[in-house]
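A.B. asks: Please see the structure below; I have some questions.
What follows is calculated from the coordinates using simple rules that are stated; it is not laboratory data. Because the structure is a prediction, the values reported are computed rather than measured. Because the Cβ atoms are built from the backbone with ideal geometry, glycine has one as well, and the counts that use them run over all protein chains shown.
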Amino acid sequence: MSIPLASDPSGGVELAYIGVHEIFQMAIAAEELGCLSGLQCSVFDAPGKWGHFLSRFAYLPSAFPLGSKALPPGKVHELPLPQMARQMMQKVFKRRRADPLPYLQAFERQAARRLRHSNARIAVAAETCALGYFRAAKELGMRCMLDSHGIPAPFLDAAVQRAAAEFDLSIPPPSDSAAMTAHKEQERALADVILFCSELQREHWVRLGVPAEKCQTAPLWVDTEFWKPLPRKRSMDQPLQVAAVGCGSLAKGLPYLLTAAAPLKGSISLTLVGHVDAVMLPLLQRCPVPPKRLPYMSRPQLRDFFNTQDVLVMPSLGDSFGLVAMEAMACGLPVIVTTHCGLPVPDPAWRVPALDSGAITERLNWYAEDRERAGKDGLEASLFAAQFTPRRYRDQIKAVYRGLLDGIPEASLR
């Protein structure tokens with residue numbers, strides 16, 4: 001049975017998520033189909049909204065994510081208190097690893113209350129704050145779509161334990177608490193469709209027992225109106241400029257990157273952007289040529305930085321996608337990612353084995369020995385990244401919506 005969504009007066013899609021992530025593009029996809037019932041989020045920058053008021057006092061990029069102007073403000077409903085409380089607790093207890101679950105559950109409860117008054121037929125939520133929302137949706141006979149953006153914790157934790165043993169480091173705590181693990185398992189059980197952002201992520205979840213018939217994949221997008229190459233001159237006399245963004249932890253593979261850079265010494269110049277965990281600092285101090293360290297950057301700052309670099313390395317031990325590498329490619333940088341990173345790349349040679357510093361060294365040296373390769377591959381990277389547009393992502397989401405609605409028996413349509 002095919003349902004003409006745009007002419008359907010009974011409502012279509014309700015969405016909820018405490019953060020930003022993909023949920024706004026999913027909402028825009030529903031609006032383009034004419035079936036958006038409502039989006040529940042933390043804050044939204046529009047007249048009469050909390051996000052509009054708060055943005056006067058602080059820069060809140062999460063209040064106006066990409067494409068948000070395409071959403072009618074009347075269909076966006078703010079639930080700011082759970083996220084504000086969570087951020088406040090993080091500031092008060094900076095050194096304590098705060099449990100996010102109570103705040104996520106508070107958001108779920110608030111979102112579920114509004115959902116019970118909706119005539120929608122699809123409930124969409126992202127993992128970690130979907131359980132209570134999906135329970136309410138099932139009571140109303142709705143179909144549930146879960147946006148699963150995380151790499152499986154058992155897969156990541158196993159890699160981290162192996163890396164900790166190799167570098168004689170203490171093993172970090174598990175990625176998820178027992179309560180969070182159970183929470184996510186129940187979310188996946190209630191979902192009719194689970195959306196993954198890479199084939200790598202999907203394959204690992206299926207191996208862990210998630211029914212394959214529930215699983216669909218839609219790679220993420222990059223805003224090429226913003227992330228794009230800028231005019232620059234590459235100097236062949238200076239060392240190869242190597243960037244690593246947000247990789248200052250064991251899970252992000254920093255020890256392997258530092259080990260890989262050591263034998264290359266003066267032929268590369270490594271720059272780390274973002275926070276570096278305290279446990280990693282002794283490794284930095286032992287480097288023959290310590291890398292440059294730069295603090296967290298805003299989007300405009302990071303774009304300008306990319307346009308001073310030759311290649312980006314993402315040595316991650318587990319990433320479902322790796323968006324920063326896609327943004328780097330859009331800016332004209334070739335990337336080196338691991339087999340534990342779901343990011344699509346234009347050539348298999350751009351992907352090296354995870355937990356293998358020698359493979360990173362070899363690839364970096366390949367660029368350092370012939371500097372023209374970085375420019376050539378950078379052009380290929382920008383053309384490749386340009387395929388992953390927000391429009392392409394939304395079209396994939398629309399197909400999922402249609403498939404869900406086609407699967408609802410006619411007698412259950414309200």
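A.B. asks: Step through the table entries 184/228; 49/91; 75/252; 138/398, compare each Cα-Cα distance with 32 Å, and write down the pairs that go over it. Walk me through the numbers before you get to the answer.
C.D. replies: Numbers: 184/228 36 Å; 49/91 24 Å; 75/252 38 Å; 138/398 21 Å.
Going by Cα-Cα distance, 184/228; 75/252 fall outside the 32 Å limit.
A.B. asks: Expressed as a rounded percentage, what relative contact order does the chain have, with Cα pairs under 8 Å and six or more residues apart? Walk me through the numbers before you get to the answer.
C.D. replies: Details: 743 pairs, mean separation 62.7, N = 414.
Averaging sequence separation for qualifying contacts and normalising by length gives 15 percent for the chain.
A.B. asks: Normalising by the residue count of segment 159-248, find the relative contact order in percent from Cα pairs under 8 Å and 6+ residues apart. Walk me through the numbers on the way to the answer.
C.D. replies: Numbers: 39 pairs, mean separation 17.3, N = 90.
RCO, segment 159-248: 19 percent.
A.B. asks: In 10 Å bins starting at 0, how do the alpha-carbon pair distances of segment 240-385 split up by percent?
C.D. replies: Pair shares across the bins are 12, 48, 36, 4.
A.B. asks: Continuing with the same structure: With a cut-off of 8 Å between alpha carbons and a minimum separation of six or more residues, what is the relative contact order of segment 240-385 in percent?
C.D. replies: Details: 280 pairs, mean separation 38.2, N = 146.
About 26 percent, as a whole number.
A.B. asks: Starting at the first residue of segment 377-385, write each ³J(HN,Hα) from the Karplus equation 6.51 cos²θ - 1.76 cosθ + 1.60 with θ = phi - 60°, in whole Hz, x for Gly and Pro.
C.D. replies: Using θ = phi - 60°, the values come out as 5, x, 5, 4, 5, 5, 5, 5, 5 Hz.
A.B. asks: For residue 292, give me every one of the aspartates and glutamates with a C-alpha distance below 17 angstrom, ignoring sequence neighbours fewer than eight places off in its own chain.
C.D. replies: 277, 304, 310
A.B. asks: Kirkwood Rh, Cα Rg: Rg to Rh for the chain? Working shown, then result.
C.D. replies: On the way: Rg = 22.2 Å, Rh = 22.7 Å.
Rg/Rh: 0.98.
A.B. asks: Could you work out how far the C-alpha centroid of segment 270-290 sits from that of segment 216-255, in angstrom?
C.D. replies: That distance is 18 Å.
A.B. asks: Rounded to whole Å, give me the distance from the Cα center of segment 158-188 to that of segment 97-157.
C.D. replies: 22 Å
A.B. asks: From the phi angles alone, apply the Karplus equation (6.51, -1.76, 1.60; θ = phi - 60°) to segment 337-344 and give each ³J(HN,Hα) in whole Hz, x where the residue is Gly or Pro.
C.D. replies: With coefficients 6.51, -1.76 and 1.60, one gets 10, 9, 6, 9, 10, x, 4, x Hz.
A.B. asks: I'd like the orientation of helix 357-369 relative to the chain: the angle between its Cα long axis and the longest Cα principal axis, in ° from 0 to 90, rounded to 10.
C.D. replies: That works out to roughly 70 degrees.
A.B. asks: So, one more: Please sort by residue number the trypsin sites (Lys or Arg not before Pro) in segment 285-387 whose DSSP state is loop and whose Cβ has at most 11 other Cβ atoms within 10 Å.
C.D. replies: Numbers: sites: 286, 292, 293, 303, 351, 363, 371, 373, 376; in loops: 286, 371.
Listed in order of number, the matching sites are 286.
A.B. asks: Which one, 302, 39, 240, has the greatest fluctuation when you compute a Gaussian network model over the chain with C-alpha springs under 10 angstrom?
C.D. replies: Taking springs between Cα atoms under 10 Å, the residue moving most is 302.
A.B. asks: Restricting attention to segment 67-173, which trypsin sites (Lys or Arg not before Pro) occupy a DSSP loop and are surrounded by at most 15 other Cβ atoms within 10 Å?
C.D. replies: Passing sites in segment 67-173 are 94, 95, 96, 97, 116.
A.B. asks: At most 11 other Cβ atoms within 10 Å plus a DSSP loop assignment makes a site exposed; report the longest stretch of the chain without any exposed chymotrypsin sites (Phe, Trp or Tyr not before Pro). Provide the component values of the computation, followed by the final result.
C.D. replies: Numbers: sites that count: 57, 59, 93, 296.
Answer from the scan: 94-295.
A.B. asks: Let me ask something else about it. Per residue of segment 215-227, what does 6.51 cos²θ - 1.76 cosθ + 1.60 with θ = phi - 60° give for ³J(HN,Hα)? Whole Hz please, x for Gly and Pro, Karplus curve as stated.
C.D. replies: These are the phi-based 3J(HN,Hα) values: 8, 9, 10, 9, x, 6, 10, 9, 7, 6, 6, 9, 7 Hz.
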